[in-house]
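Below is one structure; the comments refer to it alone.
The values are calculated or read from the model by the stated rules, or taken from the named source; none is laboratory data. This is a predicted model, so every value here is computed, not measured. Quick reminder, even Gly has a Cβ in these numbers, built from the backbone with ideal geometry, and neighbours come from all protein chains shown. Accessible surface is based on the protein model in full, side chains and every heavy atom, while ligands, DNA and RNA are left aside. Shrake-Rupley method; radii C 1.70, N 1.55, O 1.52, S 1.80 Å.
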Amino acid sequence: MAGLHGLLFTKLTLPPVSAIEKKTILITGANTGLGREAARHALSLGAGTIIMGVRTLSKGEEAKANIEATTGCADKSKVLVWLIDLESFNSVQEFAARAQKYVSDGGRLDMAIMNAGIASLQYATTSNGWERGIQVNVLSTTLLSLSLLPLLLHTRDQDPSARPHLALLTSDIHKSIKFPERSSSDSILSLLNGQEQWKKSQDIGGATERYGVTKLMDLFVTMQIAELVPHDSFGEPLVIVNAVAPGFCKSDLLTRENAPWILKLVQALFARTVENGSKTLLHAVTQGAESHGKWLENQAITDPGTIVTSDEAAAVRNKLWVEITSVLRDIDPKLQTQF
Ligand SMILES: NC(=O)c1ccc[n+]([C@@H]2O[C@H](COP(=O)([O-])OP(=O)(O)OC[C@H]3O[C@@H](n4cnc5c(N)ncnc54)[C@H](OP(=O)(O)O)[C@@H]3O)[C@@H](O)[C@H]2O)c1
């Protein structure tokens, strides 16, 4: 009930212009839904540059034109459309290399929003051999986050007044998952990757179980990356890393999958518009050090529940982190996991 109350009665706000103007903001999955609306708000608030990460360039260019038209932005160089497909580690690495070059060439990176995600409701694997939801929402999102962290740190190093942020998109759905795989003494990721276990966990936890598991892992990843960030002489993190839950929103996340009708009905009745829900993304990347490693819901630091905060959860988080970074190091042996 608390969730529905917050969804219906929280008045979401946009950050002040001063928090966004002149900033370079990177948003993945920015061609539609929450990502596109966050980009639109950011441009209205005077962002210096917006890097839209999209998996189909034509859709990205269409979104760019739409955002420029509605915000009256005449400077066509402010919004950059870059290709990234999180179903391919290769594509994520190419995108990260492009960001690296952008920063090496004198660009800055103030805010990175890991928004691209899927709610995979049918079992399917990528060409890299991972179940789609695990690769897109967890492995590729972590690979990109770790690849961008040095660029955010560099921006802070070059400009001590900068307050760079990294935000990962999560959900409140993790509170209702069963996640029996977490007690496995073998690799949790490998277990989750198999089709047999997919079927079992759907039977135990329902249609949204696996989506919730990937979003819980995004929250774990946020907490782990937050622990890696170095601090300044005042004890403040040099990059603020947090997790944001936008609340149930009327995007294509469910309609592009074969979602149960009841979910679509609840969405139609109670969900936020993406224009409104996307304000939470900009809120997350303008918060202070108190939000570092924390979960933001309804634009406030919120207790994510015992599945995240218990001692057992900490052990699962640490185990998963070892597993995730081990997969990623095989993909990119030079990937930095200490800063
Ligand atoms: N909507 C909600 O109620 C809700 C609630 C909690 C959390 N979230 C989270 O919010 C984020 C945004 O979701 P949304 O609601 O805005 O959904 P959406 O409208 O479906 O947008 C998802 C975005 O992610 C992109 N994407 C999907 N797979 C990708 C891939 N392999 N590579 C690159 N981009 C990819 C999509 O690109 P294409 O258009 O090309 O497919 C699209 O731009 C997700 O992480 C989601 O889990 C949403």
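Determine which residues of region 306-332 fall in the zone a paramagnetic label at HIS5 would reach in this model, i.e. backbone nitrogen under 20 Å from the point 7 Å along Cα→Cβ. In region 306-332, the label zone of HIS5 (backbone N under 20 Å from the point 7 Å along Cα→Cβ) covers 306.
Length gain on complete extension for the stretch GLU227 to SER44, per 0.36 nm per residue less the alpha carbon to alpha carbon distance? Write down the numbers at each step before the final one.
On the way: separation 183, 0.36 × 183 = 65.88 nm, distance 3.31 nm.
Difference between extended and current length: 62.6 nm.
Summarising the label geometry, the points placed 7 Å from Cα in the beta-carbon direction at GLU196 and ALA268 lie 4.1 nm from one another.
Amide H contacts of LEU166: ALA112, ILE240, VAL241, ASN242, each under 5 Å away and 5 or more positions distant or on a separate chain (H built 1.01 Å from N in the peptide plane; Pro and chain starts excluded). Projected onto their three principal axes, the Cα atoms of region 1-132 cover extents of 50, 44, 24 Å, largest first. For region 133-268, lysine pairs with C-alpha atoms less than 23 angstrom apart, excluding pairs fewer than eight positions apart on the same chain, total 15. For the chain, carbon and sulfur atoms together expose 53% of the accessible surface, with a 1.4 angstrom probe and every protein chain in place. Residues whose amide H lies under 5 Å from that of ILE51, counting only those 5 or more places away or on a different chain, are ILE25, LEU26, ILE27, LEU80; hydrogens are built 1.01 Å from N in the peptide plane.
At a Cα cut-off below 29 Å, give the lysines reachable from LYS101, other chains included and same-chain residues fewer than 8 away excluded. Partners within reach: LYS22, LYS23, LYS59, LYS64, LYS76, LYS78, LYS334. Packing, as the average of other Cβ atoms within 10 Å across residues, places the peptides 272-279, 239-246 in the order 239-246, 272-279, highest first. Taking each DSSP H run with n ≥ 4 as -39500 (n - 2.57) and averaging over every residue of the chain yields -14000 deg cm²/dmol at 222 nm. For region 156-163, the Karplus equation 6.51 cos²θ - 1.76 cosθ + 1.60, evaluated at θ = phi - 60°, returns couplings of 5, 5, 6, 9, x, 7, 6, 10 Hz by residue, with Gly and Pro reported as x.
Sequentially through region 240-248, phi angles give Karplus couplings (6.51, -1.76, 1.60; θ = phi - 60°) of 8, 10, 9, 10, 10, 9, x, x, 5 Hz, Gly and Pro residues having no value and appearing as x. Couplings 3J(HN,Hα) for region 254-259, derived from phi with the Karplus relation 6.51 cos²θ - 1.76 cosθ + 1.60 (θ = phi - 60°), are 8, 5, 7, 10, 7, 6 Hz, where x marks Gly and Pro.
When Rg and Dmax are taken over the Cα atoms of the chain, they come to 18.7, 57 Å.
Computed across region 18-92, the Kirkwood radius stands at 12.1 Å (inverse of mean 1/r, all Cα pairs). Comparing mean-square fluctuations of TRP295, TRP261, TRP130 from a GNM of the chain with C-alpha springs under 10 Å, the top value falls on TRP261.
The fraction of Cα-Cα pairs per 5 angstrom bin, counted from 0 for region 221-284, comes to 4, 15, 17, 15, 13, 11, 10, 7, 5, 2, 0 percent, rounded to whole percents.
Extent along the principal axes, Cα only, for region 141-261: 51, 38, 21 Å, with the longest axis given first. A simple spin-label model places the labels of ILE204 and GLN338 3.6 nm from each other, with each point 7 Å out along Cα-to-Cβ.
Determine the per residue accessible area of the chain with all protein chains present and a 1.4 angstrom probe, expressed in square angstrom. Intermediate values should be presented prior to the final figure.
Numbers: 14250 Å² over 339 residues.
It amounts to 42 Å² per residue over the chain.
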